[in-house]
Structure formats: structure tokens, C-alpha cells
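These notes are about the structure you will find just below.
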Amino acid sequence: MKRQTAQDDRLQQLKAWLGPVLPGHSEPVPASSDASFRRYFRVFCGDKSWIVMDAPPAQEDCGPFVEVSALLAQAGVRVPEVHARDMNQGFLLLDDLGQETFLSRVKAQGEATAYPLAVRSLLRIQAAPADSLPPYDEALLLREMSLFHDWYLQRHLGRHLDAVEQQGWSACSAALAETALAQPRVFVHRDYHSRNLMWTEDAEIGVLDFQDAVCGPISYDLVSLLRDCYVSWPESQVDAWCADYHAAAKAAGLPVPGLERFRRDFDWMGVQRHLKAAGIFARLNHRDGKPGYLADIPRTLAYVHAVSARYPELAPLHRLVVSCLD
């Protein structure tokens, strides 16, 4: 109830700010949900629609969104332009990239056109300057994986590891982080998946939710896209897309290693990401009262189960995941 009251107060503040910024606009209506404290509203003014971001300053910082948006726009990535801002209150007026998500497009029309366009957009992202971004360092990689241990295993399943399991978990976590850190480093969106991409009216890929960008492993965003937590594809199709990306990245001058090494990096990076995702989904349920994401955990852990079975070094993790799925 307190959070709902606070959100209602925020909406009144947003309307008061928006009045002089966009005179004659329509009543704000919810535009999308978000796994964070951010909210998005759509407003109309004349024949044009706009998106208003509400990012409570106590929980969210608009600064990275504004800065990363400018970096990506300069690299030729389709991102919403920031037309007005109030950083103190946490309000941004943005372009509206439409209402058709990449996920809804591929479910309705198939993947033949959509995924090549998403890969082309990803290549532009990875070519963007990343020197000013925070590093995707060992501490962050390990902290993300700890979400699986703390929120999924302990909080959601009530599962506490014995000494042997804990030793195996620590060893696998360290190995996953080490592999990630050994990869060539580029601009990483960090959440490049079907719910954060838009299919625009001119059949371009619009990119959202980029404010957590880092300088990190080159395989990260590709595995986010191809082993998506919200839609899955046959492994043969993922293999083909991965090879296509590798050829295109090499032609674009990006620092990809050889294909065999890249595929291993891709696999291990996906395990790290999906452990994090399962932990986040559990945390969204238990801490934030958002149970809808629990339905995405089985797909997420299925990726970890399949990949860890292929690498003897990840055998302790595989046994742990098997025990969770039983």
C-alpha cells in the first residue's frame, strides 16, 4: 500500500512537470512494465506520441541512461532521444519507439528477418566507444552469480549447500568469472534481449534499457539475444546465428577470437548470465512482489543444465542444477 501511494504521488509530480514541458499533452497511460523501480508512460500531443520515464531518484539514477543513450546514438544505434529532463526529480521525456516489441514480432512473424537485424544493431553497439563505461570486473561477475545462490537456492528453494556442494559452487563460479574476464572487451548493453528491443514502424530495431551498460566480454550480449530468458530456439538455429555473427563481427573488425574459442566463451558466458537471471527472477518475487518472472526460471535453468552437461569443469554446477530441477 505504501509503495502504491508513493507511486500515485510520483504520478502527480510527473504530471506537474510535464505540463509546461509538453503543453497540450494527453493523460499519461502506462506504456510498459519494468523489473526495476522505473515506470514508463505514453502521452500524445497532436499527432505524435512520447514516452515519459519516471525514475525515483532514491532508487534509480537517470544519469547513466542519458549518457549511454548519447554514446549509442553516436554509434548509429536506434535509441530514444532525450528531449527533456529533470534529473533531480527523475523524469525524462523520450521518443516513442512504438508498441511492438521484438518478442511479439518474432512470435507473430518468425525470426527470419528479425534476428539478422538484431545482430546488425548489436555490431553497432559493440563498435561504440566503451572507455567511459564501468568495467565488468570479477567482483561484479561473482556478485551477479551470488544472486542464484542467495535468492534462488536459499530463499526460493530453502536449499542450503553442504560443504562439498559449496566447494563445487565456488570453484565453478570462479571459473566462469575467469573465462569472462579473459574475453576481448567491448561495449556491453548487458540486457540485450527480446523484451528490450522494439520493432519500429520502419522495420528497424529500437534498443531500450541500456543504462546498465559496461565494458565487458564480447560474447555477453549475443548470448543474451540468442539464449533469451523469454523465448528459446533450437540449438541448431542458435549455432547458425552464432556463426553468422562471428563472421560479421570479424568482417567489422571487432576483436572476436576464433570460432571454436568463441563458442566456448559464448556457452560459459550464458551460464553466468542465466545463473544471475534465475536469482533476479526469484528476488523479484520475494523482495519486490513481482511473481510473474518465476515462470521464466525453468527456461533459464534449462540453458544452464544443457551447457554445464557439456563441460566436465562445470560438473559440480550441473549436479546442483539437476538437484534443483528434480
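The values are calculated or read from the model by the stated rules, or taken from the named source; none is laboratory data. Remember, predicted model here, so these are calculated numbers, not experimental data. All Cβ positions, glycine included, derive from the backbone under ideal geometry; neighbour counts span all protein chains shown. We work out accessible area using only protein heavy atoms, side chains counted, and drop any ligands, DNA or RNA first. Shrake-Rupley method; radii C 1.70, N 1.55, O 1.52, S 1.80 Å.
Looking only at residues that are aliphatic (A, V, I, L, M), assigned to a helix (DSSP H, G or I) and open to solvent by 30 Å² or more (accessible area, probe 1.4 Å) in the range 55-81, which one is nearest to PRO134 (Cα to Cα)?
Going through the qualifying residues, I end up with LEU71.
For the range 82-155, please list each of the helices (runs of 4 or more DSSP H) lying entirely inside it that holds at least 1 residues being at pLDDT 95 or above.
The qualifying helices (runs of 4 or more DSSP H) are 114-127, 138-147.
Out of the range 156-190, which residues are touching a strand residue (DSSP E or B) at 6+ places or on another chain (Cβ under 8 Å), open to solvent by 30 Å² or more (accessible area, probe 1.4 Å) and under 24 Å from TYR311 (Cα atoms)?
Scanning the range 156-190 gives LEU181, PRO184, ARG185.
May I ask you to list the residues in the range 132-143 that are over 14 Å from CYS172 (Cβ atoms) and of a type outside the set (Gly, Ala, Ser)?
LEU133, PRO134, PRO135, TYR136, ASP137, GLU138, LEU140, ARG143
Quick one: how many residues across the range 212-237 are more than 17 Å from LYS276 (Cβ to Cβ) and surrounded by fewer than 22 Cβ atoms within 10 Å (Cβ to Cβ)?
8
Which condition does GLY289 not pass, out of (1) modelled with pLDDT of 95 or more; (2) over 16 Å from PRO116 (Cβ atoms), if it passes all the others?
Looking at each condition in turn, GLY289 falls short on (1).
Do you know which residues across the range 282-326 are of a type in the set (S, T, N, Q) and either open to solvent by 60 Å² or more (accessible area, probe 1.4 Å) or in contact with a helix residue (DSSP H, G or I) (Cβ under 7 Å, 6 or more places away or on another chain) (or both)?
Result: ASN285, THR300, SER308.
Considering only the range 39-54, I want to know if a residue exists there that is out of contact with any Ser or Thr (no Cβ under 9 Å at 6 or more places or on another chain), part of a helix (DSSP H, G or I) and either without any contact (Cβ under 8 Å) to a residue 60 or more places away in the chain or exposed (fewer than 13 other Cβ atoms within 10 Å of the Cβ) (or both).
No, there is no match, as no residue in the range 39-54 is out of contact with any Ser or Thr (no Cβ under 9 Å at 6 or more places or on another chain), part of a helix (DSSP H, G or I) and either without any contact (Cβ under 8 Å) to a residue 60 or more places away in the chain or exposed (fewer than 13 other Cβ atoms within 10 Å of the Cβ) (or both).
Of the residues SER32, SER36, SER69, only one is of a type in the set (S, T, N, Q), modelled with pLDDT of 95 or more and within 27 Å of LEU284 (Cβ to Cβ); which?
SER69
Name the single residue that is nearest to ASP47 (Cα to Cα) among those in the range 108-122 being under 19 Å from the mean Cα position of the chain (by Cα) and surrounded by fewer than 19 Cβ atoms within 10 Å (Cβ to Cβ).
Only one residue tops the list, namely LEU117.
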